[in-house]
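S.K.: My questions will all concern the structure given below.
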Amino acid sequence: MGVILASAGIIGFSVLKLGSDAHLPLVLAAVLAATCGVLFLRMPWSAIEEGMLQGVSLALQPILILMMVGVMVGVWICSGTVPALIYYGLKLLSPSIFLAASLLICSVVSLATGSSWTTVSSVGIALMGIGAGLGIPAPMCAGAVISGGYFGDKMSPLSDTTNLAPAVAGNELFDHIRAMIWTTGPTYVLVFAIYVFLGLRFQGQMGSLEQIQAIQGAISGHFNLNLLTLLPPLLIVVFAAVRFPAIPGLILGCLAGALVAMGFQGVSVTDLLGVAQNGFESKTGMEMVDDLLSRGGLQGMMWTISLIMCALSFGGIVERCGYLETILGAMRGMLRNPTSLVASTVGASFFGNMFLGDQFLGIVVPGRMFKPAYEEMGLAPRMLSRTLEDCGTLTSPLIPWTACGGFMSSTLGISAFQYAPYAFLNWINPLMAIALTALGIGVFWKGKDGRPTRVRPEKA
């Protein structure tokens, strides 16, 4: 436990107090964890190194996806796709409804695709631009986008985490989804109401119309806008909805954007290669628009990729040495009722995300540790799977050094510390899960016939 607390101190002090990037603090924490493993646990270095490599191997596919998303963002801006989404979005959305509409739009896209990453890297970027044009603070925009994106990532049967959680807990996929409605449904209604309320402060704000017209003029003056420029994101959504593999789908999305760029924007192959490598540099002459559209590229994702590798190297050492399992084992001794069990699982999933650096480990490790406790208490497996997703999936983008946190920050251009307070779904849902369990709402027990029941068997 001392190693975990010391590591948390190193990372927290460096990031929060000194304002440094998380990379080197994670490396220092990894050195501390490895040194203690060798000196005090007598673990051979080969075992620790194997743990590091296994940790990093978990992120190989996400890293490839990150690289392709970086290329795709740059190409889509160059092709006029992202500028067109911003241009038309400014015509349709008003400041007072923007946050609630962003939540709904991203929820629908993520439900259809099962992917928060696809949602954020397509419509999410456009909504950030629209929000800037409407005068909505960027952290609020990012919070609404991430809340909507993770709603579908959590509830869609196409999502990898939605399939992983019931597999860990030992129950069926659609039983798991039905159980999540009890906690996520009330949370979603509450979050929607919060965004509606926040939107009222922007109602009828003066100066928005002139700013919107200036942004639209800057965009239309430098890009050839038409409905065909919207083809690349439509293809991505369709590919994701039919479960086309992610990496080939992103490659085709990049190629579609490249064809649009050459066909409608007159971009040469040489310029396209430069944009794909280093990102797009906007030169409209309007600072706000140039800040929004100067992004993307393969190299633009290298900061995030290096962060993920540092975090997962540390996470691999922590898991291999069993530091986190020691803490979780101590927590199991405090489990006396369903409320304490759900609260402990929520806490374990959050710490799993924080110290293992990956939402999959934030689901698998606590799930493996707490499954016997749910069985001993007589709770149905769906209670475990639901709780793992209520926290393990949703809190991952709130931590800057996880794969999800790094991706969201890089893609939206907003620090996780800035958008986290406004990603209401992501932090209210775990609290809602604990509160509803304490009230006895949506608690499922394992019946005598093995089927879930709302009534505790000995009281039936």
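S.K.: How big is the charge dipole of segment 310-398 about its Cα centre, in debye rounded to the nearest 20, if each Lys and Arg gets +1 on its Cβ and each Asp and Glu gets -1 on its Cβ?
M.R.: 140 debye
S.K.: On to the next question. Which order do you get for His176, His23 if you rank them by accessible area with a 1.4 Å probe, largest at the top?
M.R.: Of His176, His23, the descending order of accessible area is His23, His176.
S.K.: In whole percent, how big is the carbon plus sulfur part of the accessible area of segment 345-432, probe 1.4 Å, protein atoms only?
M.R.: The nonpolar share, carbon plus sulfur, comes to 70 percent.
S.K.: Lys283: which lysines have alpha carbons under 28 Å from its alpha carbon, excluding same-chain residues fewer than 8 sequence positions away?
M.R.: Leaving aside lysines fewer than 8 places away in the same chain, those within reach of Lys283 are Lys91.
S.K.: Also, quick follow-up: Taking every pair of distinct Cα atoms and averaging 1/r, then inverting, what Kirkwood hydrodynamic radius in Å comes out for segment 135-230?
M.R.: So the Kirkwood estimate lands at 17.0 Å.
S.K.: Roughly speaking, what is the stretch gain from Ser220 to Met377, that is 0.36 nm per residue apart minus the C-alpha to C-alpha distance, in nm to one decimal?
M.R.: 50.3 nm
S.K.: Beta carbons within 10 angstrom, averaged per residue: use that to sort the peptides 186-198, 114-126, highest first.
M.R.: Final packing ranking: 114-126, 186-198.
S.K.: Now a separate question. Angle between the Cα long axis of helix 173-200 and the longest principal axis of the chain, 0 to 90 degrees, nearest 10?
M.R.: Tilt relative to the chain: about 50 degrees.
S.K.: Tell me which of Pro245, Phe13, Val3 sits at the most positive position along the dipole axis of the chain, charges placed on C-beta atoms (Lys, Arg +1; Asp, Glu -1).
M.R.: Positive-end residue among those listed: Val3.
S.K.: OK, next. Let me have the 222 nm mean residue ellipticity of the chain computed from DSSP H runs of 4+ only, each contributing -39500 (n - 2.57), with the sum over all residues rounded to the nearest 500.
M.R.: -22500 deg cm²/dmol
S.K.: Semi-axes of segment 36-85's equivalent ellipsoid from the Cα gyration tensor, sqrt of 5 times each eigenvalue, largest first, rounded to whole Å?
M.R.: That gives 43, 9, 6 Å for the three semi-axes.
S.K.: Which value results when the Cα radius of gyration for segment 266-421 is divided by 2.2 N^0.38 Å? Walk me through the intermediate numbers first.
M.R.: Numbers: Rg = 20.5 Å, N = 156, 2.2 N^0.38 = 15.0 Å.
Taking the Cα Rg and dividing by 2.2 N^0.38 Å, one obtains 1.37.
S.K.: Further question: Once the principal axes of the Cα atoms of segment 19-59 are found, what is the range along each, listed largest first in whole angstroms?
M.R.: 35, 24, 9
S.K.: Just to confirm, what accessible area per residue do you get for the chain at 1.4 Å probe, in whole Å²?
M.R.: On a per-residue basis, 40 Å².
S.K.: Next up: Can you give the extra length, in nm with one decimal, that the chain gains between Ile441 and Lys283 once fully stretched, where that is 0.36 nm per residue apart less the Cα-Cα distance?
M.R.: Numbers: separation 158, 0.36 × 158 = 56.88 nm, distance 5.54 nm.
Answer, rounded to one decimal: 51.3 nm.
S.K.: Would you work out which of Ala373, Thr345, Ser159 lies farthest towards the positive end of the dipole of the chain, given +1 charges on the beta-carbon of Lys and Arg and -1 on that of Asp and Glu, about the Cα centre?
M.R.: In the chain, that residue is Ala373.
S.K.: Taking only Cα atoms, what is the 0 to 90° angle, nearest 10, from helix 246-264's long axis to the longest principal axis of the chain?
M.R.: 10 degrees
S.K.: Could you name the lysines in cross-link range of Lys154, using Cα to Cα under 25 Å and dropping any fewer than eight places away on the same chain?
M.R.: Hits, sequence-local ones excluded: Lys371, Lys446.
S.K.: Against the empirical 2.2 N^0.38 Å scaling, what ratio does the C-alpha Rg of segment 69-175 come to?
M.R.: For segment 69-175, the normalised Cα radius of gyration comes out at 1.17.
S.K.: How far, in degrees from 0 to 90, does helix 338-356 lean away from the longest principal axis of the Cα atoms of the chain, to the nearest 10?
M.R.: So the inclination is approximately 60 degrees.
S.K.: Multiply the residue separation of Arg451 and Leu190 by 0.36 nm, subtract the distance between their alpha-carbon atoms, and state the gained length in nm to one decimal.
M.R.: 90.9 nm is the gain from fully extending Arg451 to Leu190.
S.K.: Give me the log10 of I(q) over I(0) for segment 300-368 at q = 0.12, 0.27 Å⁻¹, as the Debye formula computes it from C-alpha points; what are the numbers?
M.R.: Ignoring solvent entirely, the Cα scatterers give -0.35, -1.16.
S.K.: Report, in cubic angstrom per residue, the convex hull volume of the C-alpha atoms of segment 91-137.
M.R.: That works out to 68 Å³ per residue.
S.K.: Considering every Cα-Cα pair within segment 1-100, what fraction, in whole percent, is farther apart than 18 Å? Write out the running numbers ahead of the final one.
M.R.: Numbers: 3468 of 4950 pairs.
Of all Cα-Cα pairs in segment 1-100, 70 percent lie more than 18 Å apart.
S.K.: Using mean Cβ contacts within 10 Å as the protection proxy, how do 382-388, 269-275, 226-232, 99-105 order, highest first?
M.R.: Working: 382-388: 28.7, 269-275: 15.4, 226-232: 17.3, 99-105: 23.6.
Ranked by mean Cβ neighbours within 10 Å, highest first: 382-388, 99-105, 226-232, 269-275.
S.K.: Provide the packing ranking of 259-267, 316-324, 46-54, 404-412, i.e. peptides ordered by the mean count of other C-beta atoms within 10 Å per residue, highest first.
M.R.: By packing density, highest mean first, the sequence is 404-412, 316-324, 259-267, 46-54.
S.K.: Distances over 34 Å make up what percent of all Cα-Cα pairs in the chain?
M.R.: Roughly 36 percent, once rounded to a whole number.
S.K.: How big is the Rg/Rh ratio for segment 333-460, C-alpha atoms only, Rh by Kirkwood, two decimals?
M.R.: Here the Rg-to-Rh quotient is 1.04.
S.K.: Another question, if that's okay. Once you keep just the Cα pairs under 8 angstrom separated by 6 or more residues, what percentage relative contact order results for segment 151-213?
M.R.: Reported relative contact order: 19 percent.
S.K.: I want the local charge near Trp117. Using Cβ-Cβ distances under 11 Å, sum +1 for each Lys or Arg and -1 for each Asp or Glu among the other residues.
M.R.: Neighbour charge sum, excluding Trp117 itself: -2.
S.K.: With an 8 Å cut-off on Cα pairs and a minimum separation of 6 or more residues, tell me the relative contact order of the chain in percent.
M.R.: Reported as a whole number, the value is 23 percent.
S.K.: For Gly442, which sequence-distant residues (separation of 5 or more, or a different chain) have an amide H within less than 5 Å of its own amide H, given hydrogens modelled in the peptide plane?
M.R.: none
S.K.: For segment 120-174, what log10 I(q)/I(0) values come out of the Debye formula at q = 0.15, 0.21, 0.29 1/Å, with one point per alpha carbon and no solvent?
M.R.: Debye curve over Cα of segment 120-174, log10 I(q)/I(0) at q = 0.15, 0.21, 0.29 Å⁻¹: -0.53, -0.73, -1.05.
S.K.: Report Rg(Cα)/(2.2 N^0.38 Å) for segment 178-277, keeping two decimals.
M.R.: 1.59
S.K.: Another question, then. Counting only protein heavy atoms and using a 1.4 Å probe, what share of the accessible area of segment 72-202 belongs to carbon plus sulfur, as a whole percent?
M.R.: C and S atoms contribute 74 percent here.
The values are calculated or read from the model by the stated rules, or taken from the named source; none is laboratory data. None of these values were measured; they are calculated from a predicted model. In this analysis, Cβ positions are derived from the backbone assuming ideal geometry, glycine residues included, and neighbour counts consider all displayed protein chains. Only protein heavy atoms, including side chains, enter the accessible area calculation; ligands, DNA and RNA are left aside. Shrake-Rupley method; radii C 1.70, N 1.55, O 1.52, S 1.80 Å.
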